[in-house]
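As structure tokens, the structure follows; a few thoughts come after it.
The values are calculated or read from the model by the stated rules, or taken from the named source; none is laboratory data. This is a predicted model, so every value here is computed, not measured. When we count neighbours, we look across all protein chains shown, and the Cβ atoms used for this are built from the backbone with ideal geometry, even at glycine.
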Amino acid sequence: MKTAPGNPRRRTAAGAEWWRMGLAAASGSLLLLAGCAAAANPQPPTLWLPAPVKDLTAARVNGEVHLHWTMPKNTTDHVPLKGDQRGHVCWEASAAFDPKACDAAGDGTFTPGKPADFTVKLPPELTTGTPRAVAFYIELENHAGKNAGPSNAAWVASGEAPAAASGLHLEASADGVVLHWQAAAPEPGLTMRMHRTLVLNAGVGNAEAKTPSAPKPDESRGVPPPEEQTLEVDLSHADPGGAVDRDALLDHEWKYRVERVVRVQAEGHAMEIAGSASQTVSLFAKDVFPPAVPAGLTVVADAQAKAMDLSWTPDSDADIAGYVVYRRDMTAGGSLERITPRTVVPPTWNDPTVTAGHGYAYAVSAVDQDGNESAKSGEVEEEMPQ
């Protein structure tokens, strides 16, 4: 029986091989097409434009403006920046940035990802006259001088700066550290800003330094003095030429620097202009100041116990270590003599070493933690009955 042409059962061995090769070639084409579809789209080359600065700040000190910001790490294409980047600083008295109106203030190079500083000397027209708001900007440029736009605006006030702080000197007092400076005319919005710094390990190699016999009051409560602090004195109505820093603990070394600062409002911006700061002055505030004299001393004769009972008002000084009791035998004559073998902590004392029929005069003094003793209180007299 003959088979009809085209019947699959009539394929020869050669035909079968050709059919398998065709399937393999088709499969390969499909895989190749699939691979082409998965390839990423081609990207344009980066322009190496540094990302704009976003945290520019400005501080006016006398005739200079101190700028500070953080340099970006990447380009606008999120590619890491390489090497120092060029920056162009400009200023303008306008609420909106205009490249054509922004006056050049200087250029520099800055390291990506690092804090950056730049100081601008103000032109004469910005250091006199009525205060107005002035904006500073920085533009970071690529190798071709192109940029991705300005930074945020950092505002300062134009106009005259306050008088420089001069003549600063310090002295220790029982109330703390007293600052003195050369007084100047007051003006609205003017303050004296005082920068105080604690000198750590001040007693090492310092002949004037004296380690307290006990911690100072704040330290004994677990509150160490702050290492840095800024204080202010209002100079808008009068300049007293000095101030007392009552928070500066004695038996510590301190450094101070002061500057006059005037606060102004212009075009809706609150700004400050600082005058030139004083030199930095240091002082070891040695505690050589006695506590207050005890008050309210009373003496009561206890005939049955053959003793004198004394009590007085506790001293209000925070670093009191105790009290000393003195006695004078008025009957036998003589002067006041100490009768307490040690410093008395509570404000009371019982004196059993008296003689019946004798009259006595008593006085009390206070002693602080550095061993400074106050003057004696007024004498109180009492007689021990027979």
Take region 43-70 and flag every residue that is within 21 Å of PHE136 (Cα to Cα) and free of Cβ contacts under 8 Å to residues at least 60 places away in the same chain. GLU64, HIS66, HIS68, THR70
Unmet criterion (only one of (1) within 30 Å of ALA174 (Cα to Cα); (2) crowded, with 17+ Cβ neighbours inside 10 Å; (3) touching a residue at least 60 places away in the same chain (Cβ under 8 Å)) for ASP315: (3)
Restricting attention to region 174-189, the residues that are touching a Gly at 6+ places or on another chain (Cβ under 7 Å) and surrounded by 17 or more Cβ atoms within 10 Å (Cβ to Cβ) number exactly 3
Matching option when the condition is under 25 Å from TRP155 (Cβ atoms) and surrounded by 13 or more Cβ atoms within 10 Å (Cβ to Cβ), among VAL233, VAL261: VAL261
Select from region 359-385 the residues that are in a loop (DSSP other than H, G, I, E, B), touching a Ser or Thr at 6+ places or on another chain (Cβ under 9 Å) and modelled with pLDDT of 95 or more and list them in ascending order. SER374, ALA375, LYS376, SER377, MET384
Looking only at region 139-170, how many residues end up being more than 27 Å from the chain's Cα centre (by Cα), crowded, with 16+ Cβ neighbours inside 10 Å and hydrophobic (A, V, I, L, M, F, W, C)? 2
Look at GLU160 and say whether it is acidic (Asp, Glu), out of contact with any strand residue (DSSP E or B) (no Cβ under 6 Å at 6 or more places or on another chain) and either in a loop (DSSP other than H, G, I, E, B) or in contact (Cβ under 8 Å) with a residue 60 or more places away in the chain (or both). yes
Scan region 346-358 residue by residue and report those that are in a strand (DSSP E or B) and farther than 14 Å from ARG328 by Cα. THR348, TRP349, ASN350
Of residues in region 171-185 being touching a strand residue (DSSP E or B) at 6+ places or on another chain (Cβ under 9 Å) and not in a strand (DSSP E or B), the one modelled with the lowest pLDDT: ASP175
Among the residues of region 267-279, is there at least one that is farther than 22 Å from GLY63 by Cβ and among the acidic types (Asp, Glu)? no
Quick one: count up the residues across region 342-386 that are among the hydroxyl-bearing types (Ser, Thr, Tyr), under 20 Å from GLY322 (Cβ atoms) and either touching a strand residue (DSSP E or B) at 6+ places or on another chain (Cβ under 7 Å) or in contact (Cβ under 8 Å) with a residue 24 or more places away in the chain (or both). 6
